[in-house]
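In what follows, a single structure is set out as structure tokens and then discussed.
Please treat every number below as a calculation from the coordinates, not as lab data. This structure is a prediction, so every number in the text was calculated from the model and none was measured. Cβ sites come from the backbone with ideal geometry, for glycine too, and all protein chains shown count toward neighbours.
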Amino acid sequence: MPAVLGADLRVPVKGGRLAGYANLDYAASAPCLEQVSAAVAAALPAYSSVHRGAGYASQLTTARYEQARHTVRAFVGARTDDAVVFTRNTTDATNLLARCLPEGTTVVVFDTEHHASLLPWQRVVRLAPPAFPGEAVRAADDTLAGIDGPKLLVVTAASNVTGELWPVAALAHIAHRHGARILVDAAQLVPHRPLNLTALDLDYVAFSGHKLYAPFGAGALVGRGDWLAAGDPYLKGGGAVRAVGEDGADWHEDPEPRHEAGTPNVLGAIALAAACDALTATGWTPLVREEERLLARLRAGLAAIDGVRELSLWGPGHPRVGIVSFTVDGHPAREVAETLSAEHGIGVRDGKFCAHPFVRHLLGTQDGGCADGTASAVRASIGIGTTEEHVDRLLAALRDLAGR
């Protein structure tokens with residue numbers, strides 16, 4: 001199995017002692033894989049500018065950067081002619097696509113989405129949280145049927161709040177039946193499950209390196225190149241142009257250079273590719289099997305604690321990745337998170353997880369603010385490096401807290 005940096009991290013806890021850190025906040029940012037750190041270290045001695053240098057270091061760095069693009073394309077099962085544009089993260093990738101939509105495009109998105117999928121659009125139709133997966137498909141079907149002109153359906157592959165998997169293949173089929181395209185936010189899927197863009201017939205996929213064990217500031221937008229080639233360059237500057245004259249610029253038609261002006265995050269791209277290689281080399285079967293074992297242990301333990309309620313859109317039996325959000329009766333989410341950290345050396349996330357409408361729906365509240373911890377939840381998330389001891393420590397701490 002791959003190994004992560006920081007597995008031996010010790011943190012101060014109540015009483016002045018040190019405890020091994022139980023990192024259960026992977027859904028926010030996953031730790032760095034050892035293979036990723038090694039790949040970046042290997043690239044640093046010859047690090048140089050890309051694409052425009054004749055020197056050996058520049059040529060080598062350019063080759064590594066472009067190889068990273070091929071690796072990412074293969075990792076998500078993209079078509080051979082799909083563009084792979086390196087971005088900062090999923091939010092950046094989504095905003096890039098938003099800038100490239102044909103004029104008059106209507107975007108359809110569920111209120112269950114992360115803010116990165118809710119906020120970038122000019123013309124948007126927001127759909128209520130569906131009661132079951134089939135309702136999501138029907139709602140998208142009905143809505144897209146009533147929209148004229150270009151249209152884009154935006155949906156997550158795995159919820160960043162509940163971990164639940166969405167029926168992206170069925171949604172892609174519906175979108176294409178109505179002449180729409182589909183963008184899938186795969187930020188929470190690709191660290192946990194394989195993704196094949198071609199087999200699912202997706203148009204665009206966006207994801208982040210920092211959730212994929214490559215926390216070096218790179219993400220990617222992968223998908224059809226025509227909208228990207230026709231859209232205004234995301235950044236205007238060196239590298240995005242073929243020539244600049246007194247009357248203006250002749251922009252690259254290829255999406256990658258067109259939207260990667262300036263010096264790109266070369267090391268971030270190399271890190272992202274190294275994470276893709278490491279997960280591919282390990283194989284998904286052992287990774288998924290171990291995650292599902294730990295997730296079942298965590299969820300069963302939470303269900304056995306009086307006063308703890310797991311949040312779910314489609315019920316406890318629906319498939320999900322290693323993300324669980326919950327509340328503890330009588331204890332605001334921030335108090336729970338701070339207690340877990342200060343007394344037990346456990347890192348979790350509290351709040352609305354950049355998905356305010358969805359969390360309010362799950363909690364049954366209409367509060368629009370973020371400061372009130374009683375209108376928030378706690379999220380525990382697992383991945384490579386999570387152990388039984390981490391899970392059991394969290395459960396023991398919650399039993400203690402719930403009994404106070």
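At q = 0.11, 0.12, 0.23 Å⁻¹ the log10 of I(q)/I(0) for the range 111-199 amounts to -0.28, -0.34, -1.32, computed by Debye summation with a single uniform scatterer per C-alpha, solvent ignored. Using equal-weight Cα scatterers in the Debye expression, the normalised intensity of the range 28-78 in log10 at q = 0.21 Å⁻¹ is -0.86.
In a solvent-free Debye calculation with one equal scatterer on each Cα, what is log10 I(q)/I(0) for the range 35-281 at q = 0.08, 0.10, 0.11, 0.17 Å⁻¹, listed in the order of the q values? Scattering profile of the range 35-281, log10 relative to I(0): -0.31, -0.48, -0.57, -1.25.
Would you mind calculating the relative contact order of the range 238-371 from Cα pairs under 8 angstrom and at least 6 residues apart, reporting the percent as a whole number?
Working: 88 pairs, mean separation 16.3, N = 134.
With pairs under 8 Å counted, the relative contact order is 12 percent.
Per residue, the chain reaches -11500 deg cm²/dmol at 222 nm when only DSSP H runs of four or more residues are counted, each adding -39500 (n - 2.57).
May I ask you to derive the relative contact order of the range 1-139, considering only C-alpha pairs under 8 Å and at least 6 residues apart, and to give it as an integer percent? In percent, rounded to a whole number, it is 11.
Sorting 34-42, 157-165 by their mean Cβ neighbour count within 10 Å, with the most densely packed peptide first, gives 157-165, 34-42.
R0 = 35 Å: FRET efficiency of ASP247 with ALA38, Cβ-based, nearest 0.05? Each step should come with its number before you reach the end.
Numbers: r = 49 Å, r/R0 = 1.39.
For R0 = 35 Å, the calculated efficiency reads 0.10.
Starting with the highest mean, order 78-87, 18-27 by the number of other Cβ atoms within 10 Å, averaged over the residues of each peptide. All intermediate terms of the calculation are to be shown ahead of the outcome.
On the way: 78-87: 19.6, 18-27: 21.2.
Result, highest mean Cβ count within 10 Å first: 18-27, 78-87.
Please report the relative contact order for the chain, taking Cα pairs under 8 Å with a sequence separation of at least 6, and give it as a percent rounded to a whole number.
Working: 816 pairs, mean separation 91.7, N = 404.
Dividing the mean separation by the residue count of the chain yields 23 percent.
Working ranking of peptides 280-292, 392-404 by packing, defined as the average number of other Cβ atoms within 10 Å per residue, highest first, is 392-404, 280-292.
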